[in-house]
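Here is the structure we will look at, set down as structure tokens.
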Amino acid sequence: MQENKKGNRTLTDASRLIIESMARAGADSFIGYPITPANLLYQYGSQRMPLMLAAPDEITTLQWMAGLSATGKVPITATSFPGYALMIESVNMAYMMELPMVIILVQRLGPATGTATCGAQGDLSLLRGNISGGHPLPVIATSSFEDCWTLSAKAVETAIKLRTPVVLLTSKEEVMTSKSFDMASLPEIKKTEQKYYDLDCEGAYKSYKPTDMVPDFLPVTQNKHQVRINASTHNQLGLLQHSTPEAMDNTRRLEEKIKQKAFEYIQYELYEQQDAEKLVVAFGITAAAAKDAVAQLQQDGEKVSLLIPKTLVPVQDVYAEIMDSYNKVVVAEENINNQFSEMIYGIRKPAGHSFVGSLGKMITPQQIIEEVKA
Amino acid sequence: MIKEYLNTDALPYCKGCGHDLIARNTTKALEKLNYDPLDVIMVTDIGCHGIIDKCLNTHTVHGLHGRSSALGAGISLGNENPDKKIIVFIGDGGTTIGLQHIMEASRLNINMTVVVHNNYLYGMTGGQTSGLTPPGFKTTTSYEGNPFTGYDICALSHTAGAAHTSRIMGVGDISDKLKKVLEVKGFSLVEVLEICPSYGVKLNPKRKLSEIVETAGKPLGEWVNDREQFNVHQGSKEKNLLEKVPVIKKVFNSYLKDPMALIVSGSAGEGVQLAAGLISKAAISSGLHVTQKGSYPVTVGVGFSTSEINLSPGKINFHGINVPDVVIITSADGLAHNLKKIEAMKGGKVFMDSSLEVPNTGAEVIRHDFRGLGARNASIFAVFYFALKTGVISTESIFQIIEEEGKGKKLPIAKIKDALSAL
């Protein structure tokens, strides 16, 4: 980063950081269509990505991305729930086909079209279960401007290395707010290269034969080996099967690939205070309020730790382990049903766990403080 | 040397199915065109046509029902080698489901060929009516005959801009007709007419394909648009989005010791967002940390316009504002939008235009004629007034930002300075 000297700050929004980060990490195409509150991302994507195409609708967006991905491109898009809902079958397709791409999901208030210009954190339950079969689709949540830089690149890296669609989960309040920001503080981002199958290998290439869980890639635009890409249940060759053992092994591998390999990319922050028996948990936009709340509580003499989960799916044991080790756990998220806790514990939360929720308003540090002290 | 396109002679179709004929004639046409099988990308989807994949030595991509045209378009958009041939096989059911994808690929004239296997019904799923089923044709969901007219997919695609569309009978050797379609540069669509032997023939006994085609009222033929194929015109691109964001050096000081939550609000078109940006940048140049977000109705040119700003000597995490410390109001729209927040204030300051009614609030209300320099300058002037009266940032710091951003010519700087000196 040569742009600024430390201490010389700019006024910028997080959308800009996300797109620039993804471009540097290896994303090269943006397929866009307008939807609030993701429009800044579309605008920056069109300015920055070597290839930008305006799609006529949400399904076309994902289908074009899948097609681009099959030729070796690394496409991204940005949307919000109403658009994402329409993309889900195609997200499943890309998941089954093992085509890398990133979908930036900017949360807004639902259900349905809800309120386009109001932030929310209501989409986690959907994201945990949006692949038929319950397979995990990687979901990475940003909780600061710094995250918008580092985790956006991580999302691209995860997509490429695991050959999967990845959701970068953010919200209206994050991508449409400008902040004073020292860009010189941003770490370098390395481009992630796709792992190609050796073209000179003799014998038949199998599109879904894994090396360390993930198949080697060949684009459909080369002519040394036959590539078969398939959204239906398939064997290692990529040929449609009903439920043969080889095909079931392949479907199981999709689950295991994400569960095992995504662990290598797991991101969270844990600020442990010695002897603390209380823990505040918050992801995404609410993490900012949680940071302020914990700082205030500690200033007031409370002993309290803070957990900010960032890799939300696949669900990580480490979150339950951390939360289980505290007597009192306050989870704050901007919905009315405590989706993060439900993802980890189901409907029966452990004793001592409580929830600070909100609808149509950001959760304030004061709300968290009151619950911790309660 | 051209390799075989088919890896078997036993194609997986019912006896008499037109899909068999289309598959064999497509590969024959490709052979005539001297394509290597691995220079062909065959995109199929759900439907009997899609089970051809396993018999092909081309690349095969098997997608979602009705979406193969969009998937194939994506491949074409990503392909940089003009010697590749992208072919989409789709049924009349898939065509119905994904009509928009065909329209878009036609409109953009994306280089690909779509072969519509029109046997007048959804075959794989049990013989249901599709959008291309002709009136009177019997299916498992219209035993008395389809009451509706089918889409004319060729006319739709042609009107949308496809380079070449054609409708042909799926009878005999159609390889030369398919060869002509496959040679097109740009978007070509061929609708091949056939009858499903399992459902179409059984439900419509004694009807011949030629008679069905005739009564359907969609003539055979070809239609041409003399257009250039789609090219990705991308124009100039930014190499680094961060470079364009101006660096704001710290050259001023602020006395601010505690965070301050500030709202600037007025009417659309009266410079609210510009004024808020000036405060934010001037605050950065004074060493403060800042967050700023705008809020306005979806019809951005009318009604209120509000900006929420946090100023702080330390790093800001939470940027929401429940009860502000300072509010600057320059119009009735702005007052109405923020009335509850102003009423909730137990301290702090409200700067408001003197034309407005003073609300019930615990804040100190300071009224001034902000609109005196014209409505368009109301918010700008109010921001200077705020700076002068509070000293949180200096008026010099705002003037400097205006100068650095080259906005001086658009603002009545001399008048603002005069008005400030008169205070």
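The values are calculated or read from the model by the stated rules, or taken from the named source; none is laboratory data. Everything numeric in this text was worked out from a predicted model, so none of it was measured. Every residue, glycine among them, receives a Cβ derived from its backbone with ideal geometry; neighbour counts consider all protein chains shown. We work out accessible area using only protein heavy atoms, side chains counted, and drop any ligands, DNA or RNA first. Shrake-Rupley method; radii C 1.70, N 1.55, O 1.52, S 1.80 Å.
The residue that is nearest to A:Pro37 (Cα to Cα), among those in the range A:154-179 that are in a loop (DSSP other than H, G, I, E, B) and among the hydroxyl-bearing types (Ser, Thr, Tyr), is A:Thr177. All of (1) within 12 Å of chain B (Cβ to nearest Cβ); (2) of a type outside the set (D, E, K, R); (3) part of a loop (DSSP other than H, G, I, E, B) hold for A:Gly122 with one exception: (1). Looking at B:Lys202, B:Lys179, just one residue is surrounded by fewer than 19 Cβ atoms within 10 Å (Cβ to Cβ), more than 27 Å from the chain's Cα centre (by Cα) and under 20 Å from B:Gly127 (Cα atoms), and that residue is B:Lys202. Of the residues making up the range B:108-127, those that are more than 13 Å from B:Gly18 (Cα to Cα) and open to solvent by 10 Å² or more (accessible area, probe 1.4 Å) number 6. Only residues that are within 25 Å of A:Val106 (Cβ to Cβ), of a type outside the set (Phe, Trp, Tyr) and open to solvent by less than 20 Å² (accessible area, probe 1.4 Å) were counted in the range A:286-323, giving 16.
Here B:Gly301 meets each of (1) away from chain A (no Cβ under 11 Å); (2) modelled with pLDDT of 95 or more; (3) outside any helix (DSSP H, G or I) with one exception, condition (2). For the range A:74-85, the condition holds for no residue, the condition being that it is open to solvent by 10 Å² or more (accessible area, probe 1.4 Å), touching a Leu at 6+ places or on another chain (Cβ under 7 Å) and at pLDDT 95 or above.
Scanning for something assigned to a loop (DSSP other than H, G, I, E, B), within 14 Å of chain B (Cβ to nearest Cβ) and modelled with pLDDT of 95 or more, does the range A:243-254 turn up at least one residue? Yes, the range A:243-254 has at least one match. I'm trying to understand the selection: among the residues of the range B:208-237, which are touching a residue at least 24 places away in the same chain (Cβ under 8 Å), closer than 20 Å to B:Val171 by Cα and open to solvent by 60 Å² or more (accessible area, probe 1.4 Å)? Hits for the range B:208-237 are B:Ser210, B:Thr215, B:Pro219, B:Leu220, B:Glu222. Could you check, for the range B:148-155, whether at least one of its residues is in a helix (DSSP H, G or I), touching a helix residue (DSSP H, G or I) at 6+ places or on another chain (Cβ under 9 Å) and surrounded by fewer than 19 Cβ atoms within 10 Å (Cβ to Cβ)? No, the range B:148-155 contains no residue that is in a helix (DSSP H, G or I), touching a helix residue (DSSP H, G or I) at 6+ places or on another chain (Cβ under 9 Å) and surrounded by fewer than 19 Cβ atoms within 10 Å (Cβ to Cβ). Starting from the range B:146-162, keep only residues that are more than 11 Å from B:Leu132 (Cβ to Cβ), then list their pairs with residues that are open to solvent by 60 Å² or more (accessible area, probe 1.4 Å) and not aromatic (Phe, Trp, Tyr) whose Cβ atoms are within a distance under 6 Å, requiring at least 6 positions of separation or different chains. Pairs that qualify, where the first residue is more than 11 Å from B:Leu132 (Cβ to Cβ) and the partner is open to solvent by 60 Å² or more (accessible area, probe 1.4 Å) and not aromatic (Phe, Trp, Tyr), are B:Ala160/B:Arg107; B:Gly161/B:Arg107.
Note on the range A:180-226: residues that are within 11 Å of chain B (Cβ to nearest Cβ), touching a residue at least 24 places away in the same chain (Cβ under 8 Å) and in a loop (DSSP other than H, G, I, E, B) amount to 8. Residues in the range B:260-297 that are at the interface with chain A (Cβ under 10 Å from one of its Cβ atoms), part of a loop (DSSP other than H, G, I, E, B) and open to solvent by 10 Å² or more (accessible area, probe 1.4 Å): B:Gly287, B:Tyr296, B:Pro297. Would it be correct to say that A:Gly134 is at pLDDT 95 or above, more than 16 Å from the chain's Cα centre (by Cα) and in a helix (DSSP H, G or I)? Against the criterion (at pLDDT 95 or above, more than 16 Å from the chain's Cα centre (by Cα) and in a helix (DSSP H, G or I)), A:Gly134 does not qualify.
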